[in-house]
Number of protein chains: 2
Amino acid sequence: MKFELQATDIQSKARAGIITTDHGTIQTPIFMPVGTVGTVKAVHQRELEQDIKAQIILGNTYHLYLRPKLDIIEKAGGLHKFNGWSRSILTDSGGYQVYSLAANRKIKEEGVIFQSHIDGSKHLFTPENVMDIQRTIGADIIMAFDECPPYPCEYQYAKNSMELTHRWLRRCCERFDSTEGKYGYSQTLFPIIQGSTFKDLRVQSAETIASFEREGNAIGGLSVGEPVEEMYAMTELVCDILPKDKPRYLMGVGTPANILEAITLGVDMFDCVMPTRNARNGMIFTSQGILNMKNEKWKDDLSPLDPTIGGYVSTFYSKAYLRHLIVSGELLGGQIASIQNLTFYLWLVRQAREHILAGDYRTWKDYMVKQVMQRL
Amino acid sequence: MKFELQATDIQSKARAGIITTDHGTIQTPIFMPVGTVGTVKAVHQRELEQDIKAQIILGNTYHLYLRPKLDIIEKAGGLHKFNGWSRSILTDSGGYQVYSLAANRKIKEEGVIFQSHIDGSKHLFTPENVMDIQRTIGADIIMAFDECPPYPCEYQYAKNSMELTHRWLRRCCERFDSTEGKYGYSQTLFPIIQGSTFKDLRVQSAETIASFEREGNAIGGLSVGEPVEEMYAMTELVCDILPKDKPRYLMGVGTPANILEAITLGVDMFDCVMPTRNARNGMIFTSQGILNMKNEKWKDDLSPLDPTIGGYVSTFYSKAYLRHLIVSGELLGGQIASIQNLTFYLWLVRQAREHILAGDYRTWKDYMVKQVMQRL
């Protein structure tokens, strides 16, 4: 993986860059649609590429390990071949899912023993086997195995958890560096900063993670219920410590406003289920603001969803038609809304990038945050 | 509407023709995907046109009348404008849905009083207002308001019901012929033959319906639970009575075999929810046979779904990937399966048409029925 830092905004810490993997280039700042089990929910791969213009999508180790299982992904020649997505993929390590989804999890120094949420079967994730699993899944960017503490949590819990994550990171790196990709292209490993909302822990974690000198770094354990000011404060703190010449990934964030603000603080990469999950509930993000499609006011609004952002659904379908589909519980409603929201998220980060390159990001951002977050 | 009969098979009564409406040409025999509330479930309009190659889709009067309601469809300029489907549309009259979905229905000479299955509100459908409603929806082909008797039913019930349908047809024609389309293109009205599985009633109904000399004729009240031999017998009986120079539509039919057999008897048009409904349950129709995607045997079959029939999903996605999506309950699974099944149905009728034109339909059909109905 290569990262070229192209520009830094004069008025803020916002950055524009290019990540290059063996599956193509990624222009940052970038939003990565979440494809948990190898599918971005309700969206065809062709739509991701041509309409949404996604450059990289996420997969999840925990989910893919349980279904369809590794033997099938390996037989296909990796996740790209299995699901037909030929651009870059990043896999989350499964650390978060083990805590949020699995039953009867038990954290030990060795790793985590847990039961599948699907069939109750018992499994062990260790830093070593999670590296092996992600080698087999074949993502371009793989994530270290970490413990994500809940919010709020006691200082001592956060400290112990962070130290465990750091010890696990050493084991992740040793295993990753002593193995090779299985499919002829290169993979890279991103470590994850933890430390809850404690400044000294976040500083310590950022310094430790930076010292590993990997090709990119991630900020975990945020957007888990803490006040948004805390999230921004922790993000700014660690961005100032992380090396400038490597991409920074803020995991699980967020709303359009969260993304624009975190870009201001120096973040390059984002992922979040919000655009697809909220879509299925009838919440539409557009360049003009947020629409609740269940609202009566859209029932006879025959104007297109969001004609300025490009893409098929944003120009082809009207608000009234989408409202009809969502109110009627029709599958196409969720499909249209998911594509609209992801098209908007990718449009938003492309716009952000253009304004960083043009040197007026901060001014544009202050205006745009208000516009895209207003309820229409 | 125009119908040109192009060829009749030498070995059977199969026909090839062209229907022309103000929204384009329809090459027969044709299968019409069902878009009950103005959407073919889980399928984008672009996919219907470009991948599935649908030439005409269905809408449903009962459903569209209740949601989104007529005022919105009229404000849009008709259903074509509302849902963005620019080719032909046929609307079923709602007669069948009033009996199968609505609560507390009461059939009178005037019409049917029923309660909405959505909110319990009371409504009256009459032959006259159902014509008016379909004028407002704006389908190219609209259906007469009929009563569809259940199967099995007593001879006297079937006879009374058929006679009511005939009296209603006269009122439908009077209303239709004294009104005009609302959107500047022409509409046509198809009457519906009833008579359950009683030969003398079917003969009487076919003769009555033919005497109205409308531009096309439909066969209703079949595929409602009767043995398949009865369905074919009734279809053959009425096709032999109906005029040769007008298209014949067998409503609600059916499996690939049903369609190929009914084409042999002289049917030109079909619709059925089977390809989309069964898709969502994991049943896939292909040119090689029927696949239950929940079956373990497909879990590592990385071959494409059905590469010979054309279209995006049939060549792009593998059986193993589709199985993974369906077993995991992922929305994309139902989407892929729906497109595959509809692409196959449209491929099948295109193939049928080519063989009718080539003069070897009967031979091809006997082979194809076995192939497409085998369980793989």
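Return the total of residues in segment A:107-153 being buried (at least 24 other Cβ atoms within 10 Å of the Cβ) and either among the hydroxyl-bearing types (Ser, Thr, Tyr) or not in a loop (DSSP other than H, G, I, E, B) (or both).
9
Inspect segment A:201-213 for any residue being assigned by TED's automatic domain parsing to the domain that holds A:Lys13, of a type in the set (Asp, Glu) and surrounded by 15 or more Cβ atoms within 10 Å (Cβ to Cβ) and give the result as yes or no. Full working, then the answer.
Step one: of segment A:201-213, the residues assigned by TED's automatic domain parsing to the domain that holds A:Lys13 are A:201-213.
Then keep just the ones that are of a type in the set (Asp, Glu); that gives A:207, A:213.
Still in the running and surrounded by 15 or more Cβ atoms within 10 Å (Cβ to Cβ): none.
Among the residues of segment A:201-213, not one is assigned by TED's automatic domain parsing to the domain that holds A:Lys13, of a type in the set (Asp, Glu) and surrounded by 15 or more Cβ atoms within 10 Å (Cβ to Cβ), which makes the answer no.
Restricting to segment A:1-60, name every residue that is among the acidic types (Asp, Glu) and either open to solvent by 10 Å² or more (accessible area, probe 1.4 Å) or closer than 19 Å to A:Leu242 by Cα (or both).
The first filter runs over segment A:1-60 and keeps only residues among the acidic types (Asp, Glu), leaving A:4, A:9, A:22, A:47, A:49, A:51.
Hits for segment A:1-60 are A:Glu4, A:Asp9, A:Asp22, A:Glu49, A:Asp51.
Given the conditions (1) under 23 Å from the mean Cα position of the chain (by Cα); (2) surrounded by fewer than 23 Cβ atoms within 10 Å (Cβ to Cβ); (3) acidic (Asp, Glu), which single one is not true for B:Asp92?
Every condition holds for B:Asp92 apart from (2).
Name the pairs: first residue in segment B:210-221 and closer than 15 Å to B:Asp140 by Cα and touching a residue at least 40 places away in the same chain (Cβ under 8 Å), second residue among the acidic types (Asp, Glu) and open to solvent by less than 10 Å² (accessible area, probe 1.4 Å), Cβ to Cβ under 6 Å, at least 6 apart or on different chains?
That search, which allows pairs on different chains as well, returns nothing.
Go through segment A:189-200 and report how many residues are more than 21 Å from A:Phe176 (Cα to Cα) and open to solvent by less than 20 Å² (accessible area, probe 1.4 Å). Break it down stepwise before answering.
In the first step, residues of segment A:189-200 are kept if they are more than 21 Å from A:Phe176 (Cα to Cα); the result is A:195-200.
Right, trim to open to solvent by less than 20 Å² (accessible area, probe 1.4 Å) and you get A:195-196.
Matching residues across segment A:189-200 total 2.
I need a count of the residues in segment B:296-330 that are touching a residue at least 24 places away in the same chain (Cβ under 8 Å), within 11 Å of another protein chain (Cβ to nearest Cβ) and surrounded by fewer than 21 Cβ atoms within 10 Å (Cβ to Cβ).
Residues in segment B:296-330 being touching a residue at least 24 places away in the same chain (Cβ under 8 Å), within 11 Å of another protein chain (Cβ to nearest Cβ) and surrounded by fewer than 21 Cβ atoms within 10 Å (Cβ to Cβ): 3 in total.
On the given criteria, is A:Gly77 open to solvent by less than 50 Å² (accessible area, probe 1.4 Å), on the phi > 0 side of the Ramachandran plot and without any contact (Cβ under 8 Å) to a residue 40 or more places away in the chain?
Details: open to solvent by less than 50 Å² (accessible area, probe 1.4 Å): yes; on the phi > 0 side of the Ramachandran plot: yes; without any contact (Cβ under 8 Å) to a residue 40 or more places away in the chain: no.
Judged against the criteria, A:Gly77 is not a match.
I need the full set of residues from segment B:331-344 which are within 21 Å of A:Glu330 (Cα to Cα) and more than 10 Å from chain A (Cβ to nearest Cβ), in order please. Can you show your working first?
Taking segment B:331-344 first, the residues within 21 Å of A:Glu330 (Cα to Cα) are B:331-343.
Answer for segment B:331-344, where residues must be within 21 Å of A:Glu330 (Cα to Cα) and more than 10 Å from chain A (Cβ to nearest Cβ): B:Ala337, B:Gln340, B:Asn341, B:Leu342, B:Thr343.
Based on what the data block shows, is B:Glu354 out of contact with any strand residue (DSSP E or B) (no Cβ under 8 Å at 6 or more places or on another chain) and buried (at least 18 other Cβ atoms within 10 Å of the Cβ)? Full working, then the answer.
Working: out of contact with any strand residue (DSSP E or B) (no Cβ under 8 Å at 6 or more places or on another chain): yes; buried (at least 18 other Cβ atoms within 10 Å of the Cβ): no.
Answer is no for this residue.
Looking at A:Tyr312, A:Tyr317, which is the one that is aromatic (Phe, Trp, Tyr) and at pLDDT 95 or above?
Details: A:Tyr312 fails: at pLDDT 95 or above.
Criteria check complete, one pass: A:Tyr317.
Under the condition of being open to solvent by 20 Å² or more (accessible area, probe 1.4 Å) and without any contact (Cβ under 8 Å) to a residue 60 or more places away in the chain, which residue from segment A:222-235 is nearest to A:Gln288 (Cα to Cα)?
Across segment A:222-235, the extreme among qualifying residues is A:Val228.
I need the helices (runs of 4 or more DSSP H) fully contained in segment A:171-282, keeping only those with at least 1 residues that are in contact with a Gly (Cβ under 7 Å, 6 or more places away or on another chain). Let's see the steps before the verdict.
Numbers: elements: A:199-211, A:228-239, A:256-264, A:274-280.
The helices (runs of 4 or more DSSP H) meeting that bar are A:199-211, A:228-239, A:274-280.
The values are calculated or read from the model by the stated rules, or taken from the named source; none is laboratory data. The structure displayed is predicted, hence computed values, not measured ones. Note that each Cβ is placed from the backbone with ideal geometry, even for glycine, and that neighbours are counted across all protein chains shown. These area figures cover heavy atoms from the full protein model, side chains too; ligands, DNA and RNA do not enter into them. Shrake-Rupley method; radii C 1.70, N 1.55, O 1.52, S 1.80 Å.
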